[in-house]
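One structure is given below, encoded as structure tokens.
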Amino acid sequence: MNEDVQQHYSIHEDGSYQFNQAIHPDKIISIAKHILDGRFFRGKAFCDPDATKYYLVLQLAEHEQEVFACMFLDNQNRLISFEKLFYGTIDQASVYPREIVKRALMLNAAAVILAHNHPSGMSEPSVADIAMTKTVKSSLALIDVRVLDHIVVGSDGSSVSFIERGYMAG
């Protein structure tokens, strides 16, 4: 996090934040991302779908173009790395399973959570989203990397979990 943002607040012993002056919403989001990264990086496991969706909403909802990202996890479902891998247009992004497989191998990931945003605001998965997820899941299965979920984030802060909708079966 940049020092300009850090000058606007202090952290108390109980973990609460004291802001010294008015802060622009973009800086608040930057602070929130910093807190999340510290809280989840090789720390807590991503076993709670609501916490995972919240994390991904903060990471992806603000983008004006479609962004496809992966949360690479260890065998305890702890975050190794969150990476935005593919960028697209306002309504699509090309996703290359080969690149996801390469990155999973490089990071020695045991599992991944896929995520992308819908800049239109609607977090409802498309037929293409479901088909692409099956392709990525099959590709990662060849190297024994589990796909735990795919979460679609709307620009309005909504999110949809493929697991919760039953799209990950099979």
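The numbers here are math on the coordinates, done by the rules we state, and not lab data. The structure presented is a predicted model; accordingly, all values stated were derived computationally and were not measured. Cβ: placed from backbone, ideal geometry, glycine included. Neighbour counts: every protein chain shown.
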Per the rule of 0.36 nm per residue minus the C-alpha distance, extending ILE130 to ASP144 adds in nm 3.0 nm
The FRET efficiency for ALA22 and ARG165, from their Cβ-Cβ distance with R0 = 41 Å and rounded to 0.05, is 0.50
Pseudo-spin-label distance GLU62 to LEU105, built 7 Å along Cα→Cβ, given in nm, is 3.5 nm
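So, by mean Cβ neighbours within 10 angstrom, what's the order for 94-105, 140-151 with the highest one leading? Intermediate values should be presented prior to the final figure.
Details: 94-105: 15.3, 140-151: 18.2.
Ranked by mean Cβ neighbours within 10 Å, highest first: 140-151, 94-105.
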Pseudo-spin-label distance ARG98 to LYS84, built 7 Å along Cα→Cβ, given in nm, is 2.5 nm
